[in-house]
1. Can you pull out every residue in region 66-94 that is out of contact with any strand residue (DSSP E or B) (no Cβ under 6 Å at 6 or more places or on another chain), part of a loop (DSSP other than H, G, I, E, B) and under 25 Å from Leu124 (Cα atoms)?
2. Could you list, in sequence order, all residues of region 22-65 that are touching a helix residue (DSSP H, G or I) at 6+ places or on another chain (Cβ under 6 Å) and assigned to a loop (DSSP other than H, G, I, E, B)?
3. I'd like to check something: does region 115-126 contain any residue that is outside any helix (DSSP H, G or I) and more than 17 Å from Ser27 (Cα to Cα)?
4. Being at pLDDT below 90, among the basic types (Lys, Arg) and closer than 15 Å to Phe31 by Cα is the requirement here; does Arg104 meet it?
5. Any idea how many residues of region 71-94 are surrounded by fewer than 16 Cβ atoms within 10 Å (Cβ to Cβ) and touching a residue at least 12 places away in the same chain (Cβ under 8 Å)?
Amino acid sequence: MPTSKSGTENAHAAVIIYDGECPFCSSYVRFLRLKEAVGQVELVNARSGGPLVNEVVAAGYNLDEGMVLIYGGRYYHGADCMHMIALLSSPSTLFNRINIGLTRSPRLVHLLYPAFRAVRNVTLWLLGRPKLGPPTL
């Protein structure tokens, strides 16, 4: 579960910070149907930097290890992020139903998450794209 509170005062109900160079991460956030469930969702490409990325990094989250959801004033990172997104998603599309099936169970998502991260890392390597690397504040 989340480990710290966010100080972000944002007009968006939820913020997802992800790696915009990763085709899986980009597709994942593009196909999610959270807006119906939580209201306005802001998608932030971690590679673009900015105050929200700096906030998450300053809180100790490694964005190479997973995306971050800021929701209800809390941070959800990696497997916890995917699990929370599944809880907030509606089964309105085939993608959401598959996502919910794979990530609604905390045990299953924590079991699968290292494989998801490994596929991301190999894909970035094959595409010649660097990892995010150490953040600069």
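1. Residue satisfying the conditions is Gly78 alone.
2. Cys22, Arg33, Leu34, Leu63
3. For region 115-126, residues outside any helix (DSSP H, G or I) and more than 17 Å from Ser27 (Cα to Cα): absent.
4. No.
5. Going through region 71-94 one residue at a time, the tally reaches 6.
The values are calculated or read from the model by the stated rules, or taken from the named source; none is laboratory data. A quick note: this is a predicted structure, and the numbers were derived from the prediction, not measured. Reconstructed Cβ throughout: ideal geometry from the backbone, glycine too, with neighbour counts over all protein chains shown.
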